[in-house]
Amino acid sequence: VALHALRALGAIGDARGTAAAAALLASASDTVRREALRALAVLPPDPSLRPRLVGLVGERDPWIRAAALGALARADRGDFALVLSGMDADPVWWVRAALASSLGDVGDEISVGILHAMLRDEDPRVLPSVLDALRRARGKDSLDTLLRHLEHADLGVRVAAAEGIASLGTLGASPPLLAAWRRGLGDGAGEIEARIAAVRALAVQGDD
């Protein structure tokens, strides 16, 4: 019941929901705590929550860490990237992906710098979130980065790059997208996603 109430508070977005969600950070249930953090990631921010949220970013449970990143980005947007710049990379790949998404929400210069460094993550599963975050943070200035990743060895990264280009709606990218489609012919029938993503991005181009 508490979980669904928290989701409803987040959907409503009323400022009174922030205090209610913050109170449930002390819940004995990790599930409720995680949902409270997700609610705080969308509710009106309360900067006074920063110390509690910074502590939760270091929790043992990776689900709590991932949710705390979004809540901290919301509560402390101005200093979010600065707070994280001194922390070690999380050992769990999808927590690093959640970090990338939160940095994209903030979108300041320091966040963009961290995102560019995260393009070198050893786990390619992190990169789609990084590319999407850069697209949201930099807009059309992210096009060159997305185009480069059309040639990445990982299928998921190539799909994310093509989808990002399609979302930008930027014209003039037809040649590299066509080249990406041709490279995708070697992926086999089981990995058709990269070709589909390239075709969708080509359709946005609207040229001959």
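Bear in mind these aren't lab numbers, they're just calculated from the coordinates by the rules spelled out. The model shown is predicted, which means the values in this text are computed figures rather than measured ones. Positions of Cβ are generated from backbone atoms using ideal geometry, with glycine treated the same way; all protein chains shown enter the neighbour counts.
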R200-A26 FRET efficiency (beta carbon distance; Förster radius 35 Å; 0.05 resolution): 0.15
Crossing angle, helix 93-106 versus the chain [Cα axis fit, 0-90 degrees, rounded to tens]: 90
Among A19, A67, A100: highest mean-square fluctuation, GNM of the chain, C-alpha pairs under 10 Å: A19
Rounded to 10°, Cα long-axis angle of helix 2-12 versus longest principal axis of the chain: 70
Among [x] 19.0, 60; [y] 19.5, 56; [z] 17.5, 60, the entry derived from the coordinates for Rg and Dmax of the Cα atoms in Å: [x]
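Considering only the other residues whose Cβ falls under 15 Å of the Cβ of D108, what net charge follows from Lys and Arg at +1 and Asp and Glu at -1? Can you show the working numbers first?
Details: positive: R74, R77, R136, R138; negative: D76, D79, D105, E109, D141.
Net of charged neighbours comes to -1.
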Per-residue HN-Hα couplings for the stretch 33-40 [Karplus 6.51, -1.76, 1.60; θ = phi - 60°; Hz; x = Gly/Pro]: 4, 4, 5, 5, 5, 5, 5, 5
Neighbourhood net charge (11 Å Cβ-Cβ; Lys/Arg +1, Asp/Glu -1) for L134: 0
Whether the stretch 119-208 is rounded, prolate or oblate, judged on the alpha carbon gyration tensor where a/c under 1.5 counts as rounded: oblate
Nitroxide proxy distance, nm - points 7 Å out along Cα→Cβ at S174 and E193: 2.8
Loop trypsin sites (Lys or Arg not before Pro), the stretch 1-85 (other Cβ atoms within 10 Å of the site Cβ: 12 or fewer; DSSP): R60
